[in-house]
Amino acid sequence: MTTVPGLAPVIWNFSVWDEEVARRLNTMLGKRIVLHYREYRGIPTDCFGSTDYFVDRVQEIPDEPG
């Protein structure tokens with residue numbers, strides 16, 4: 001994840017519940033995307049996922065012309 005051009009990317013771990021969202025993520029590898037997520041703190045990780053962040057939608061960002 002990069003928020004400012006020129007800075008080193010930060011690794012951001014998240015979980016995905018929906019198999020369709022996971023499939024879309026896999027098809028978008030290497031592309032610029034926006035992840036829409038919900039944060040659930042305090043949920044036992046062995047029940048729902050290994051992170052506090054759960055992606056529920058992914059959106060591709062089109063390449064800028066030029």
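The values are calculated or read from the model by the stated rules, or taken from the named source; none is laboratory data. Because the structure is predicted, anything quoted here is derived from the model rather than measured. Don't worry about glycine lacking a Cβ; one is built from the backbone with ideal geometry, like all the others, and counts go over all protein chains shown. These accessible areas exclude ligands, DNA and RNA; they are computed on the full protein's heavy atoms, side chains included. Shrake-Rupley method; radii C 1.70, N 1.55, O 1.52, S 1.80 Å.
Failed condition for Thr51, given (1) of a type in the set (Ser, Thr, Tyr); (2) surrounded by 12 or more Cβ atoms within 10 Å (Cβ to Cβ); (3) modelled with pLDDT of 95 or more, with all others met?
Going through the list (1) of a type in the set (Ser, Thr, Tyr); (2) surrounded by 12 or more Cβ atoms within 10 Å (Cβ to Cβ); (3) modelled with pLDDT of 95 or more, Thr51 breaks only (3).
Mind counting the residues in the stretch 1-26 that are under 11 Å from Val58 (Cα atoms) and polar (S, T, N, Q)?
Residues flagged as under 11 Å from Val58 (Cα atoms) and polar (S, T, N, Q) within the stretch 1-26 amount to 1.
Could you look through the stretch 7-24, keep only residues that are outside any loop (DSSP other than H, G, I, E, B) and modelled with pLDDT under 95, and pick out the one that is most open to solvent (accessible area, probe 1.4 Å)?
Val16
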